[in-house]
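A.B. asks: Before I ask anything, here is the structure I am working with.
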Amino acid sequence: ICLSKSEFIFLSTFLKLPKIRYLPFGVDNKFWISKKENFFKKPFVLAVGNDLARDWDLLIDSWEDSFLDLKIITSLPVKNTKKNIEIIYGNWHSENISDLEMRNFFSHSEFVIIPLKETIQPSGQSSCLQAMACSKAVIFSDIKGIWDKKLLKHKKNIIFVKSGDKLDLQNAIKLLSNNLELREKIGEDARKLVDRHFNITKMTAELKTILREN
């Protein structure tokens, strides 16, 4: 069972394994919702993730002094000397940041960035969908491992940038920073996408179908 269509196509085409199925990954869209309580003093952009495909070096190098504050939540070692970037240690296994706290970070961010190195794995999938469920516009690297290129649409429900491209990332940051209407519209469509296609109810139903057929 693959959690992305790209992996499904790769395994089906190149490895020719029998009985490969695609299972749309989903998040709890009843929990991951936008909460409006104000927990933060200043506006900020959020980036989150712990897998080795995260390109934190690129993001930090791309961050200009004129940009909003950036909060990076990760357990990975990150080198940073910029005053408008804060590194926050977060590890899902140790639960030092709870899901409630994580939802607050998503809800109060201006938008979310998930910078990735090239990979065929669906890296950043859960963080992206959690942010989208919270009605946030997400800047996401256009890697081979995008789980559904037909449903994820550039400038409609997500912002795609070239993996490893500093200028493209900076332009996307400036675009969302300067256009509240656009990021709110993308966030609204992102939430609709999760409600229709990438939630745990749909994932459970699809998994039951796969198990019955096999």
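The values are calculated or read from the model by the stated rules, or taken from the named source; none is laboratory data. In this text, all values refer to a predicted model and were calculated from it rather than measured experimentally. Cβ: placed from backbone, ideal geometry, glycine included. Neighbour counts: every protein chain shown. These accessible areas exclude ligands, DNA and RNA; they are computed on the full protein's heavy atoms, side chains included. Shrake-Rupley method; radii C 1.70, N 1.55, O 1.52, S 1.80 Å.
A.B. asks: Using the alpha carbon gyration tensor of the range 64-199, what are the three equivalent-ellipsoid semi-axes (square root of 5 times each eigenvalue), largest first, in whole Å?
C.D. replies: Values: eigenvalues 88, 68, 53 Å².
Result for the range 64-199: semi-axes of 21, 18, 16 Å.
A.B. asks: I would also like to ask the following. On a full-extension model of 0.36 nm per residue, what is the gain between HIS154 and TYR89, subtracting their alpha-carbon distance, rounded to one decimal in nm?
C.D. replies: Values: separation 65, 0.36 × 65 = 23.40 nm, distance 3.04 nm.
Stretched out fully, the HIS154 to TYR89 stretch lengthens by 20.4 nm.
A.B. asks: Residue by residue through the range 133-138, which ³J(HN,Hα) values in whole Hz follow from phi under the Karplus form 6.51 cos²θ - 1.76 cosθ + 1.60 (θ = phi - 60°), with glycine and proline marked x?
C.D. replies: The phi angles translate into 5, 7, 6, 10, 6, 10 Hz.
A.B. asks: Stokes-Einstein diffusion coefficient for the range 1-131 at 25 °C in a medium of 0.890 mPa s, Rh from the Kirkwood formula over Cα pairs: what value in µm²/s?
C.D. replies: On the way: Rh = 16.4 Å.
Diffusion coefficient, whole number: 149 µm²/s.
A.B. asks: How tilted is helix 166-177 with respect to the longest principal axis of the chain? Cα atoms for both, answer in degrees (0 to 90, nearest 10).
C.D. replies: 80
A.B. asks: Among the trypsin sites (Lys or Arg not before Pro) in the range 132-214, which ones are in a DSSP loop with at most 11 other Cβ atoms within 10 Å of the Cβ? Mind listing them? Intermediate values should be presented prior to the final figure.
C.D. replies: Numbers: sites: LYS136, LYS144, LYS149, LYS150, LYS153, LYS155, LYS156, LYS162, LYS166, LYS174, ARG183, LYS185, ARG191, LYS192, ARG196, LYS202, LYS208, ARG212; in loops: LYS136, LYS144, LYS149, LYS150, LYS153, LYS155, LYS156, LYS162.
Sparse-neighbourhood loop trypsin sites (Lys or Arg not before Pro): LYS150.
A.B. asks: Ignoring ligands, DNA and RNA, how do HIS154, HIS197, HIS108 rank by accessible area with a 1.4 Å probe, largest first? Before the final figure, lay out the partial values.
C.D. replies: Details: HIS154 95, HIS197 60, HIS108 30 Å².
Ranking HIS154, HIS197, HIS108 by accessible area, largest first, yields HIS154, HIS197, HIS108.
A.B. asks: Continuing with this model, one more query. Given the chain, what percent of its DSSP beta bridges are antiparallel, to the nearest 5?
C.D. replies: Numbers: 1 of 22 bridges.
Once the DSSP bridges in the chain are tallied, antiparallel ones form about 5 percent.
A.B. asks: What's the whole-number percent of alpha carbon pairs in the range 101-177 lying beyond 22 angstrom? Can you show the working numbers first?
C.D. replies: Details: 512 of 2926 pairs.
Summing the P(r) of the range 101-177 above 22 Å gives 17 percent of all pairs.
A.B. asks: Beyond a 18 Å Cα-Cα separation, which of these cross-linked pairs lie in this structure: LYS5/LYS156; LYS5/LYS153; LYS5/LYS202; LYS36/LYS174? The partial results should precede the final answer.
C.D. replies: Working: LYS5/LYS156 20 Å; LYS5/LYS153 15 Å; LYS5/LYS202 16 Å; LYS36/LYS174 24 Å.
Beyond 18 Å between Cα atoms: LYS5/LYS156; LYS36/LYS174.
A.B. asks: In addition: When all alpha-carbon pairs of the range 170-214 are counted, what percent fall beyond 12 Å? Can you show the working numbers first?
C.D. replies: On the way: 687 of 990 pairs.
Above the 12 Å cut-off, the range 170-214 has 69 percent of its Cα pairs.
A.B. asks: I've got another one for you. Could you list the chymotrypsin sites (Phe, Trp or Tyr not before Pro) in the range 1-64 that lie in coil according to DSSP, counting only those with at most 11 other Cβ atoms within 10 Å of their Cβ? Don't skip to the end; give the middle numbers.
C.D. replies: Values: sites: PHE8, PHE10, PHE14, TYR22, PHE25, PHE31, TRP32, PHE39, PHE40, PHE44, TRP56, TRP63; in loops: PHE25, PHE31, TRP32, PHE39, PHE40, TRP63.
Counting only loop positions with at most 11 other Cβ atoms within 10 Å, the chymotrypsin sites (Phe, Trp or Tyr not before Pro) in the range 1-64 are PHE39.
A.B. asks: Residue by residue through the range 78-91, which ³J(HN,Hα) values in whole Hz follow from phi under the Karplus form 6.51 cos²θ - 1.76 cosθ + 1.60 (θ = phi - 60°), with glycine and proline marked x?
C.D. replies: Those phi angles translate into 10, 8, 8, 10, 7, 6, 9, 10, 10, 9, 10, 6, x, 9 Hz.
A.B. asks: Please give the calculated 222 nm ellipticity per residue for the chain, where each DSSP H segment of at least 4 residues contributes -39500 (n - 2.57) and the sum is spread over every residue; nearest 500 deg cm²/dmol? Provide the component values of the computation, followed by the final result.
C.D. replies: Values: 7 runs with 75 residues, N = 214.
Roughly -10500 deg cm²/dmol at 222 nm, from the helical runs in the chain.
A.B. asks: Take every Cα-Cα distance within the range 124-214, group them into 10 Å bins from 0 onward, and report for each bin the whole-number percent of pairs it holds.
C.D. replies: P(r) over the range 124-214, rounded to whole percents: 16, 44, 27, 9, 3, 0.
A.B. asks: Moving on. Calculate the spin-label point distance for LYS30 paired with SER12, positioning each point 7 Å from the Cα along the beta-carbon direction, and give it in nanometres.
C.D. replies: In this crude spin-label approximation the distance works out to 3.2 nm.
A.B. asks: If I fit a long axis through the Cα atoms of helix 180-196 and take the longest principal axis of the Cα atoms of the chain, what angle between them do I get, 0 to 90°, rounded to 10?
C.D. replies: 20
A.B. asks: Of ILE139, ILE88, ILE186, which is the most mobile in a GNM of the chain whose springs link Cα atoms less than 10 angstrom apart?
C.D. replies: Fluctuation is largest for ILE88.
A.B. asks: Continuing with this model, one more query. For a quick check: with amide H placed at 1.01 Å from N, whose amide H comes under 5 Å from ILE73's, ignoring anything fewer than 5 positions away on the same chain?
C.D. replies: For ILE73, the qualifying residues are ALA47, VAL48, GLY49, ILE88.
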